[in-house]
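Peer 1: Quick one: structure below, then a few questions.
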Amino acid sequence: MATEFQKAVWDEIDKIPYGRTKSYKEIAIIIGKPRAARAVANACGKNPTPIIRPCHRVICSNGKIGGYSASGGATLKKRLLEKEKS
């Protein structure tokens, strides 16, 4: 069962357009929890449908891709982001 925080994070992830990204920090600010960037990352990791709910579009504030809990890990996340940008 998802927490209200996770649901808020996932709802924002659903709004990220194809080919675009947002940072964990940006998501935290949008949901009113500006100091919760790590918790946003954890919520992304708990996403039960990572391809349908595009958590691969959430990256670190410094531009690094961060982790990805779906099978294939960060390598898959990088490929998905590259595919969407082309």
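The values are calculated or read from the model by the stated rules, or taken from the named source; none is laboratory data. Owing to the predicted nature of the structure, the values given are computational and were not obtained by experimental measurement. Don't worry about glycine lacking a Cβ; one is built from the backbone with ideal geometry, like all the others, and counts go over all protein chains shown.
Peer 1: Quick one: which helices (runs of 4 or more DSSP H) lie wholly within the range 10-86 and hold at least 2 residues that are surrounded by 12 or more Cβ atoms within 10 Å (Cβ to Cβ), more than 12 Å from the chain's Cα centre (by Cα) and modelled with pLDDT under 95?
Peer 2: Values: elements: 24-30, 37-45, 73-85.
Correct list: 73-85.
Peer 1: List the pairs whose first member sits in the range 1-23 and is over 11 Å from Val58 (Cβ atoms), whose second member is assigned to a helix (DSSP H, G or I) and not hydrophobic (A, V, I, L, M, F, W, C), and whose Cβ atoms are under 8 Å apart, counting only residues at least 6 apart or on separate chains?
Peer 2: Short answer, once both residue conditions are applied: Tyr18/Glu84; Gly19/Glu84; Gly19/Lys85.
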